[in-house]
1. Name every residue in segment 50-88 that is within 20 Å of residue 118 (Cα to Cα), open to solvent by 30 Å² or more (accessible area, probe 1.4 Å) and at pLDDT 80 or above, in order of residue number.
2. Scan segment 479-501 for residues that are hydrophobic (A, V, I, L, M, F, W, C), touching a strand residue (DSSP E or B) at 6+ places or on another chain (Cβ under 9 Å) and open to solvent by less than 40 Å² (accessible area, probe 1.4 Å) and jot them down.
3. Output the residue which, of all residues in segment 439-476 that are open to solvent by less than 60 Å² (accessible area, probe 1.4 Å) and in contact with a Gly (Cβ under 7 Å, 6 or more places away or on another chain), is farthest from residue 511 (Cα to Cα).
4. Which ones in segment 309-349 are on the phi > 0 side of the Ramachandran plot and touching a helix residue (DSSP H, G or I) at 6+ places or on another chain (Cβ under 7 Å)?
5. Quick test of your reading of the structure: residue 462 fulfils all but one of (1) in contact (Cβ under 8 Å) with a residue 12 or more places away in the chain; (2) farther than 23 Å from residue 485 by Cα. Name the failing condition by number.
6. Among 580, 600, which is among the β-branched types (Val, Ile, Thr) and crowded, with 22+ Cβ neighbours inside 10 Å?
7. I'm trying to understand the selection: among the residues of segment 93-113, which are modelled with pLDDT under 80 and either touching a Lys or Arg at 6+ places or on another chain (Cβ under 6 Å) or in a helix (DSSP H, G or I) (or both)?
8. When you look at residue 234, is it outside any helix (DSSP H, G or I) and open to solvent by less than 30 Å² (accessible area, probe 1.4 Å), yes or no?
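The values are calculated or read from the model by the stated rules, or taken from the named source; none is laboratory data. All values reported here derive from a predicted model rather than from experimental measurement. Heads up, the Cβs are rebuilt from the backbone with ideal geometry, glycines too, and the neighbour counts pull from every protein chain shown. With ligands, DNA and RNA removed, areas are computed over all heavy atoms of the protein, side chains included. Shrake-Rupley method; radii C 1.70, N 1.55, O 1.52, S 1.80 Å.
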Amino acid sequence: MTARVAALAPLLLASALAAGAADLEPARDAIRRHEYERAVGLLGPASDAGDHEASFLLSQLVRNGRGAPRDVNLACRLLERAAAAGHARAAGSLATMIEAGECRSSARSADEWREAARRAGYAPPSSATGQTGAAQAPSVEHLLRAARSGDLAQLRLLLDVLPVDAADEFGRTPLMLAAEAGQVAAARELVGRRAALSAVDRNGETPLLLATRAGSPELVSLLLDAGAPVDQANGSATTALMVAARAGSRELCERLLAAGAGTGVRDAGGLRAGDHAALASHLELAALLGVAARTAPGGPAPVALLHAGRTPLMVAAESGDIKVLRARIAARDALDAGDAQGTTALALASRAGRDDAVDALLAAGASVDVRDGAGWTPLGQAVQAGMTGAVLRLLRAGADPRARQADGKSLLLVAIESGNGATLAPLLQAGAEPDAADASGMTALMAAAIADDVAAINRLLAAGARPEAADRHGRSALWLAASRNAHHAVAALARRPTPDVADDEGTTALIVAAARGHLDTVNALLAAGADVRKASRSGNGALHAASAAGHAALVARLLAAGAPPDGVNARGDTPLHLAVRARCLACARSLVAAGASTSVRNADGLSAPDAARLSGEPALIALFGR
């Protein structure tokens, strides 16, 4: 180390104590709200008064032309002033900008600034590794990944310099991705930073809708308490209450109702939340939501009392009154007319399991593939209701087994999601495509894996379903099963073709199971030969994931299976770093006992003992003996 760097290092270390002396929260809040001009106005005077953090934040704004004309030279001057006065991140940023040619003159070299920053606990990338300042600059993609993975430390760092509502190409914001992935802590951080609660993606999905689809009461409550619009609908006019009702979640429905969700709101097909509950056989929930429902004598499927716009022919078809039905057919009533939802007499009879009525309507010439307003065919209605007799009759009459239903779902996917696996066999025999996927890439095999339905999995595999097929995030049936702790499904799928297929982030089934604490699933994957050394694109392996989440039993299990205790991720963290950060003493003990190094330093220049001291946890500090 040069004499000049040696002189700088104490200043940089001292700055850690002085940083944040001024109240910069109003400026940070302005950045989160995209009010960059206001942020510049707040940071300018603080920077002039000698606040080095203000100078650093202001440099990032003017460097990118946010709130003021883009001025790289000014950004360089601000960074050098802050770095010379002892701001570690400013020194690191200045080093990368010098190497990238953005800062053309400086009192110190890039290496000198970098070394001083590293000694103060911040390690910027070096050009020697081929990582230029431009390549490593905080990006929206980094922010979105941090939100989806729940990396709070990275998320907080990035939110200091990036807008909280930055979106991907699909219009998904960090809050949406955190909600979709069930990342409660990340969502809480984003809500606390005033992320937009009513933002919508290209499909009109909102954070509340995504949290409801994820089935997370904690996330739903967090968003509602923060003021998320409870009845905001997506492009199909679907509300969160409808989603919860269709899923049969009384807990979510009650939370939404308490927040003022409307039971009378209708979707694009004219259905209310109660109608969705009734159609999915959740009769008690339908009653709670204000829709009376009854069970058809011929089978278990509920028939919602939705008579708006129905003709006597439709009513007779649904009730199974064959005498009246034949009279109306003889009177030449319109066979293919639809009610207020576009549902025909044949669809009503099929959904209700009225096999005699289905036979009579088909014999009279009723069209077999007419769609209702939501995109459902009579066959789709019968499959969803589990009416096998109606399914067989419609298929014999030429109903299309490949016809997509609402939201682009295949009939096989409908069968699995509605719990009616008995209809799989006739659909497959009639020519249904085993790998047909909806708009999100979800196949019937994936749905069966999530449901831990081994019988359906085996039937689909025998019909030619490809276990390696992936959804739009690169997640296979095995990956999805592992993420839900569906360990029976994991055992059925793990050797077809390999247990180590990863998603588009490089995360394997073993890694996601370890992150979520699914011991049974981890055991099933290890029994199938899953590789404990595989790591994601961010360098995190299963042991990193278990350590970061504080799953002590899994840490011990993975170590016993041969997971490397000193694997280093993209930020230089070992599992021991992450265990200490999670304040998991049992995790850290297992790692130390397995020979984990205590001298490896991460990208912030910290060893595990350093991180323990910063945590302030006496037991963790004592573990390292200093």
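1. 52, 80, 81, 84
2. Here is the first cut: in segment 479-501, the residues hydrophobic (A, V, I, L, M, F, W, C) are 479-482, 486, 489-494, 501.
Next, from what is left, pick out any that are touching a strand residue (DSSP E or B) at 6+ places or on another chain (Cβ under 9 Å): 479, 482, 493, 501.
Selection gives 479, 482, 493.
3. The selected residue is 456.
4. Keep residues of segment 309-349 that are on the phi > 0 side of the Ramachandran plot, which gives 309, 320, 332, 342.
Answer for segment 309-349, where residues must be on the phi > 0 side of the Ramachandran plot and touching a helix residue (DSSP H, G or I) at 6+ places or on another chain (Cβ under 7 Å): just 320.
5. If we test residue 462 against (1) in contact (Cβ under 8 Å) with a residue 12 or more places away in the chain; (2) farther than 23 Å from residue 485 by Cα, just (1) comes out false.
6. Values: 600 fails: crowded, with 22+ Cβ neighbours inside 10 Å.
Residue meeting the stated conditions: 580.
7. Passing the criteria: 96, 99.
8. Details: outside any helix (DSSP H, G or I): yes; open to solvent by less than 30 Å² (accessible area, probe 1.4 Å): yes.
The answer is yes for residue 234.
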